[in-house]
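The values are calculated or read from the model by the stated rules, or taken from the named source; none is laboratory data. Computed from a predicted model, the values in this text were never measured in an experiment. All Cβ positions, even for glycine, are placed from backbone atoms using ideal geometry, and neighbour counts span all protein chains on display. When the accessible area is computed, the model is the full protein with side chains, heavy atoms only, and any ligands, DNA or RNA have been set aside. Shrake-Rupley method; radii C 1.70, N 1.55, O 1.52, S 1.80 Å.
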Amino acid sequence: MAGHEMVHNAMYAPHEYDAGISSVDQISFLNGEDDIPRITRIDSAEVVYRAHRRAKLVGKYLMGDILGEGSYGKVKEALDTETLQRRAIKIIKRRKLRKINNGEQNVKREIQLLKRLKHRHIIDLSDLLENEEKQKMYMIMEYCVGELQELLEAAPDKRFPIFQAHRYFRQLVEGLEYLHSQGIVHKDIKPGNLLLSTEEILKITDLGVAEAIDAFARDDTCHTSQGTPAFQPPEIANGLESFSGFKVDIWSSGVTLYNMTTGVYPFEGDNIFKLFENIGKGQYQIPDGVEDNLKDLLTGMLQYEAANRIALEDIKKHDWVRRKHPVTPGFVAFKPIQGHEDMLRGFTVIPYLEDLHFHNSEEEEDEDYEDHYYSNMINTHPHAEPAVAGAQNSNNCESHEAEKKKKRKTKSGLLSSCHPS
Amino acid sequence: MPLFGKSQKSPQELVRSLKEALGAVVKGQAGEKKADKATEDVSKNLSAIKTILYGAGDQEPQSELVAQLSQEIYNTHILLTLVQQLPRIDFEGRKDVVAIFNNLLRRQIGSRTPTVEYIVTKQEILFDLMKGYENQEIALNCGMMLRECCRYEALAKIMLFSPEFYSFFDYVEVSTFDIASDAFSTFKELLVKHKMLSADFLENNYEKVFTSYQRLLNSENYVTRRQALKLLGELLLDRHNFTTMTRYISNPENLKLMMTMLREKSRNIQFEAFHVFKVFVANPNKPKPILDILLRNKDKLVDFLTKFHTERSDDEQFNDEKAYLIKQIKELKADETSTS
């Protein structure tokens, strides 16, 4: 299973392999290297990877390595070959989706919401592709380095230094304020749903269980919740029929802040029943060593009665939030993706790009496979400016590229469907 | 003492000498030797002050010097003088003023922002900055400082609730495009940045604001009209402005205006108008005058909407909304009067 993720070092391995069995590889030819001894250098395991390093285009997106795997499918890094933007693509398999409770409905809702949202701290859905034949959906989003959860797990004591937690929390509050201003209750705020961009900008993601409140509803009353148990407020743990939606997000953000600064959770339990029982009682301790100011904020956010819980507006004005926290040692940075060595989590599409443009093998010309992707993301934001016409202009060079890509796509289709995974 | 270059003046000396030079600039006539020298001195001092705040080269600013400098700046009220004399300062000097001003504003001690607190006690600074939009030469410099001020609720509040705020309705329409755009972005920032504050402002000054706003929607200037319409949609659909939205969509005049704009020549304006128009129709508690207008135009509206922007077939959300509106209008009945 994990095999095809561990590809990294072997950037040139596919070429080496090709050089052995087919004609002369362009790169090694240019380097003037002899191809005979190179065969012996190949680890047999690497031969398996070969198919995975093959360039695969989904629409105009060139796929890179896997970034993560969720219950709906994989998330891969990709390159927009028209704009050269780095992207992340969430691949959703309909077949898998059907097996998950509310799966289809949640994905549909998430897409609908993301399409109308545009904010610095909300993940941007830039395109949406579908492949009817494969029953797959591709959500093209802005690239993020990883989740806060991942960072927390990499941290000693599983927590951030105060200045770092503060940095993320402030951004969370801003994103949340925007969501609420648009009448959206996220309902599943937690470190696992907060991403960081390459510029360390926090992005709220996963609106699968979010709810949009009717624009004409007088208040934010909600009736259902499918969020993560440890982050749920007492009113949900106690199974109340209706509750204030926005205050649910305040509570979960409180648990998130608690977790980021202490490394533990305010409420735990051996199973969900015990956990909900504990949350339902609302008794929790703030560990020693938490400064009074932060304690005060946490207490405000984790108020048992939703009505007494501090409002976003007052969180923004809270002393701990407004304060400038001195930068202390111990900043937690991302570790390389499992199985990779790159500390900086660099761009993984490059080897695929090389394959796309330099690799010419003739042995599998016989495949005839055409993928069909339907985009349904044009003019999605209601206030979007008209698309720049220039993007459609093509010159000779580009159309030549397109030809090439088409050829590659034709080949890669079938191959990619026979992964040994 | 630095190893190279001339010995540094203390922050107090710098501010004092800047103040003197500014005084000389005000008194002198352009072209006179003395005045030229004064202008040069102003620029030199500004540049030195900037260096203290931002540090030189790789050097970090020294917090002790920064503290002394800020204190001196507050004590001498030189920020106000700088803003007032901005037209007399040369190009580079103006840029330095902006850099100094914005740096000081961002200055934080714990959770306190001393410059913001200072400006609250010296509000003329804000009003003079706003007035800056009337002078082409300094308008964009003032814009940059104003937007930095907008980030702080206390300052935004002073500006929003001042009579001077209504000058923005003129500034956003001036003929110089870059100034009008700059003014619009400040105007927008004031209205959207601090949600609770602006919700409160819109509610309490509804009549005055929307009377002025009407002017923008009817502007001769296409850009103004379009930007204003777009911002209106954003404001009304923001949950914080619920009360204002309810009030806006209860006024038949507003509905008429949107219906007119739906038929504007520009398709972009039509499209923006659609996003405001839909709120009137979707309202479950339509007051009688609104319902009457919709009923009177029922067939025409259904017909119009059916043909409205049909080329946007890819825009799922738009088409869903359009279909919803058509259905709503078709099902309108005369007895369905408001319950509220």
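Some points to look at:
- The mean sequence separation of alpha-carbon pairs under 8 Å and at least six residues apart, normalised by the residue count of the range B:1-119, gives a relative contact order of 25 percent.
- Diffusion constant of the range B:142-248 at 37 °C, which comes from Stokes-Einstein with the Kirkwood Cα-pair radius and 0.692 mPa s, µm²/s: 237 µm²/s
- Helix axis angle, B:206-217 relative to chain B longest principal axis, alpha carbon, degrees: 90 degrees
- Build a GNM of chain B with springs between Cα atoms under 10 Å apart, and of B:Pro284, B:Pro11, B:Pro114 the one that fluctuates most is B:Pro284.
- Karplus-derived 3J(HN,Hα) values for the range B:85-101, using 6.51 cos²θ - 1.76 cosθ + 1.60 with θ = phi - 60°, are 9, 3, x, 8, 8, 6, 3, 5, x, 4, 4, 5, 4, 4, 4, 5, 4 Hz; glycine and proline are entered as x.
- HN-Hα J in Hz across the range A:177-187 - Karplus 6.51, -1.76, 1.60, θ = phi - 60°, x for Gly and Pro: 4, 5, 3, 5, 5, 8, x, 10, 9, 6, 6
- Dipole axis of the range B:196-340 (+1 Lys, Arg; -1 Asp, Glu on Cβ), positive-most option in B:His275, B:Leu291, B:Phe318: B:Leu291
- Within-13-Å neighbourhood charge of A:Lys274 [Cβ basis; K, R +1; D, E -1]: -2
- Restraint check, B:Lys265/B:Lys322; B:Lys230/B:Lys307; B:Lys188/B:Lys298; B:Lys208/B:Lys278, Cα-Cα greater than 26 Å: B:Lys188/B:Lys298
- Buried solvent-accessible surface, both chains (B, A), 1.4 Å probe, Å² to nearest 100: 2700 Å²
- For the range A:307-338 versus the range B:281-337, the gap between their alpha-carbon centres in whole angstrom: 46 Å
- If R0 is 22 Å, the Cβ-Cβ spacing of B:Lys327 and B:Arg296 corresponds to a FRET efficiency of close to 0.75.
- Counting only protein heavy atoms and using a 1.4 Å probe, the accessible area of B:Lys44 comes to about 120 Å².
- Across the range A:146-322, the relative contact order, built from alpha-carbon pairs under 8 Å that are at least six residues apart, equals 23 percent.
- Note: relative contact order over chain B, using C-alpha pairs below 8 Å and six or more positions apart, is 9 percent.
- About the Cα centre, charge dipole magnitude for the range B:1-119 (Lys/Arg +1, Asp/Glu -1 at Cβ), debye: 220 debye
- Computed with the Debye formula from one identical point scatterer per Cα of the range A:146-322, without solvent, the log10 of I(q)/I(0) at q = 0.14, 0.17, 0.20 Å⁻¹ comes to -0.71, -1.08, -1.55.
- Local net charge near A:Leu202, Cβ-Cβ under 14 Å (Lys/Arg +1, Asp/Glu -1): -4
- Between the range A:170-186 and the range B:232-257, the alpha-carbon centres lie 21 Å apart.
- Nearest-20 debye value, the range A:146-322 charge dipole, Cβ charges on Lys, Arg, Asp, Glu: 140 debye
- Based on the convex hull around the alpha carbon atoms, the range B:1-119 presents an average projected area of 7.8 nm².
- The mean accessible area for residues of the range B:161-206, using a 1.4 Å probe and ignoring ligands and nucleic acids, is 38 Å² per residue.
- In degrees, nearest ten, helix B:177-192 long axis to first principal axis of chain B (Cα): 70 degrees
- Here the accessible area is traced with a 1.4 Å probe on the protein chains. For the range A:218-257, carbon and sulfur cover 49 percent of it.
- Nonpolar atom fraction for chain B, defined as the carbon and sulfur part of the 1.4 Å probe accessible area, stands at 51 percent.
- Taking a straight line from the alpha carbon of A:Lys281, these lysines sit under 23 Å away, with near neighbours fewer than eight places off in the same chain left out: A:Lys187, A:Lys190, A:Lys247, A:Lys295.
- With K and R counted +1 and D and E -1, the other residues having a Cβ less than 13 Å from that of A:Gly346 yield a net charge of -2.
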